[in-house]
Structure formats: structure tokens, C-alpha cells
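A short worksheet on the structure shown next.
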Amino acid sequence: MKRFIVLSICGALVFAGCNRKNAQKEEGESQAESANKGDLVEMSVSAQQHIGMVVRPAAVTQLNEYLRATGTVQPIDSRIGMVGPLARGRIAEVRAKVGDRVEAGQTLAVFDNIEAGELLSQEQSARADLERLNAQLIPATRQAERSRRLADIGAGAEKDFESSRAEKEGIEANIRSQQALIDGIRQRLRRFGIADDNPRGTFLTPLKAPFSAVVTKAQASPGDVVDAGRDVFTIADLSRVWVQAEVYEKDLGRIRIGQSALIKVDTYPNESFEGKVAYISDVLDPQTSTARVRCEVPNHDLRLKTDMFANIELPTKFSKQAIAVPASALQEVEGKNVVFIRHSPTQFEKREVDKGVTVNSQTEIVSGLKPGEPVVTQGAFHLKSILAGGELGED
């Protein structure tokens, strides 16, 4: 009987010890479960739909940094032409207007050239003098030949031959001088657009386009009197244009002449135009601390219009592959960067992460996240509010 009591006491002690260990184990598991529940957030499906929550898998992304600037489309200086008369005259006819596309050599206007009229009168007078000299040359040549023959047979004095020969050579020299004068007048008339085969009585001179372009300015009407050197038309070859922007001083080291550029305009929202950086100003604007940057862009179909507003994207030297999420996916909780991972349709886990650089609204995740994990990219702020005890997203 005593032996049984002793064994019973020992069994009771063992049983009590086992119960204590089980209680401690359950308490530890309860605490761990409580800790895990502290990182979980519940949100109903209807609440997710209400706030427009978006969940996307984390992925390895090529991060390419772009410098963005705004600018305007402008004609290239070397492709702008000023068309005006070389002499004073009166506009007789205007054949081109602003917006017209003209070809090289096309007549833009015709004007009554006052100076051309004076030159034509001088030409006519010079031609008359030339004919008179040619008429004088014939007898002078005959007289020189006669004097030479007489001197050869001794029937005439040598000095008479020398005199007649000098007279003939003088007339020939005057003829050459008169011909040079006529050639000079013809050359000046050609510059006015009057060809050699034009009727000599017309004073009308065409103003022609020097190259194929678009008329951007016209300052002439029939009857206007224009002076030499006045710009009557401005034309621009817009098959290539500049997109000009102002870039801050701190960003100038990230771009270089010759690098590629992407141009976007609101008129064509789904298209990009490719160009290259052609000019970086050496002078900063002291008021804005910016430098002028010009990108040259092909514009063969002329869809880019002058003074259009444009957005410029300039790729910088930064480029790397990394796990990245939209910057809106990251939230700060108790001074730490976190993202929310979906565990079930209504349950999300707060996950602490280390972030790297942010490029074009994409933030690099250095650690704490694996490719493929479903990350809340839109609506993370509401989950943060719920985690903090708020009521956003509960309705």
C-alpha cells in the first residue's frame, strides 16, 4: 500500500511538470501568433474596389533614368531665309501667302524694278555706243592695211602706217571696254532675275524662293513701294526643326551634345519623335540658373509646328536591372519603409524593405522582396491607415 502511494505521488509530479511545459509552449505560440497578426491588415473586397486598389507582382525591371524638360518647337536658324528686292521698286503682284509651301525657284512676288529700268536704259545706250565703235573699226582697219602696203613699197611714210594702226587699236580697245560694260550690266540684271533673253523693255523682276520651304511671314501688298534690302518674305525649311528647352544648371552634367532625345507633344499623345541634342548654351540665364538646350528633330511630314509645346526626355548614363515597384507602393511606418503583400483576397502583410534609387516613379527594392510576390501598388496608404488604427477603407 505504501508503494502505491509513492508511485502516485511521482506520477502526479510528472503530470504537473508536463502540464507546465505544455502551458509555456502554448503561451509562446500564442505570443508568436499575436506578433504575426500585428503585421496583417484586413480589408474587405468591396472596400478594395471602393478605393481602387491595384495589386501587381514584383518584377525585375530595367531602370533607365531620364532627364525631363519642357520646350517649344522652333525653326533652325540656318534654315530660315529672308527674301527681299535688291533694288527699289513697286510691288506689282503677290503670289505667295503665309503658310504656303513653296519650291526652290518659285516666284513669290513680282515688282516693278526702278533700278532695273535704269540699267536697261544704260544697256541700250552702251549697245548703241558699241555699234558706233564697230562701225568706226571697219574704215580704221582698211586705212591701217592701206598704210602698211604703201609703207612696204616705199610709196608711203612709215609714220602714217603707225598712226593709222594706233587709231585702229584704240577703237578695238574701246570696243572691248564697251563690251565689258554691257556684260557688267547684264550680270546685274541677272541678279534681279532678268535673263538675257527677256524683252529689253520690261522692268518687272520676280522675287524667288531660294530653297523649298514654308512661308512664315509676308509683308507685301500690290502697290507697295519697297526699298533695296527690305525683307518682304520670310521662309523656313521645317523638314528639320529645333525643340528648345531650358535646363537647370544642376542637370547640365547629365546631358551631352549628340545624345538621343525623345520628343512628345500633346497633339500626338501616343507618338514620340526621335532627335539629338545639337546645342547646349555656354551661358546661363542669371535669373533662372538655366541653360538653353536645343534638340534637332527630323520633321519630314511637317507635323511638328513652330511654337508647339513639347516634352523632352533625355536618357542619362544611369541604367541597371533591379526589383522595382511604383513609388506609391512604399509607405513609411514607424520610420521604416514598408510594402504590403497580399496573402489572401482580404488579408495583407506589412513587409519591411530596403529601398534604393527612384527612377521615373519606379523605386528599387534592395532587400525584403522577391520577384513575383503580389505587392499593393495602389491603395497602400489606406492599408497603412488601417494598420495605424484608422477607419479608411473599412466602409
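The values are calculated or read from the model by the stated rules, or taken from the named source; none is laboratory data. Just so we're clear, the structure is a prediction, and the values are computed from it rather than from any experiment. Positions of Cβ are generated from backbone atoms using ideal geometry, with glycine treated the same way; all protein chains shown enter the neighbour counts. Surface areas here come from the heavy atoms of the whole protein model, side chains and all, with no ligands, DNA or RNA. Shrake-Rupley method; radii C 1.70, N 1.55, O 1.52, S 1.80 Å.
Here is the P(r) of the chain: all C-alpha pair distances, binned every 10 Å from 0, give 4, 13, 12, 12, 11, 9, 8, 7, 6, 5, 3, 3, 2, 1, 1, 1, 0, 0, 0, 0 in whole percents. Please return the longest range in the chain lying between exposed loop sites, taking trypsin sites (Lys or Arg not before Pro), DSSP loop only, at most 14 other beta-carbon atoms within 10 Å, and leaving the sites out. In short, 98-199. Using the 1.4 Å probe convention, the accessible area of the chain works out to 59 Å² per residue with neighbouring protein chains retained. Figure legend: label point modelled 7 angstrom from the Cα of D307 along Cα→Cβ; residues of the range 224-263 with amide N under 20 Å from it are 232-246. Modelled this way, with points 7 Å down the Cα-to-C-beta line, the labels at Q287 and D183 are 5.7 nm from one another.
Multiplying the sequence separation of L40 and R146 by 0.36 nm and subtracting their Cα-Cα distance, what value in nm do you get?
25.1 nm
Relative contact order of the range 242-304, taken over Cα pairs closer than 8 Å and 6 or more residues apart, is 40 percent. Scaling against 2.2 N^0.38 Å puts the C-alpha radius of gyration of the range 71-147 at 2.12. Using the structure shown, select from K305/K355; K276/K370; K250/K336; K97/K264; K317/K384; K320/K384 the pairs with a Cα to Cα distance greater than 32 angstrom. The answer is K305/K355; K276/K370; K317/K384.
Here the sum of -39500 (n - 2.57) over DSSP H runs of 4 or more residues, divided by the residues of the chain, equals -11000 deg cm²/dmol at 222 nm, to the nearest 500. Computed on the chain, with alpha-carbon pairs under 8 angstrom and 6+ residues apart, the relative contact order is 27 percent. For the range 115-156, the spread of Cα positions along the three principal axes, ordered from largest to smallest, is 57, 10, 8 Å.
The listed residues E162, E334, E123, E167 rank as E334, E167, E162, E123 when sorted by accessible area, largest first, using a 1.4 Å probe. Using R0 = 51 Å, the C-beta based FRET efficiency linking V54 and K317 works out to 0.95. Only aspartates and glutamates eight or more places from K168 in sequence, or on another chain, were considered; those with a Cα closer than 12 Å are E145. Protein-only accessible surface at a 1.4 angstrom probe places the residues D224, D160 in the order D160, D224, largest first. Ligands, DNA and RNA left out, the accessible area of the chain computed with a 1.4 Å probe is 50% carbon and sulfur. Starting from the Cα of R190, step 7 Å toward the Cβ, then list every residue of the range 99-136 with an amide N under 17 Å from that point. Residues 120, 123 fall inside that zone.
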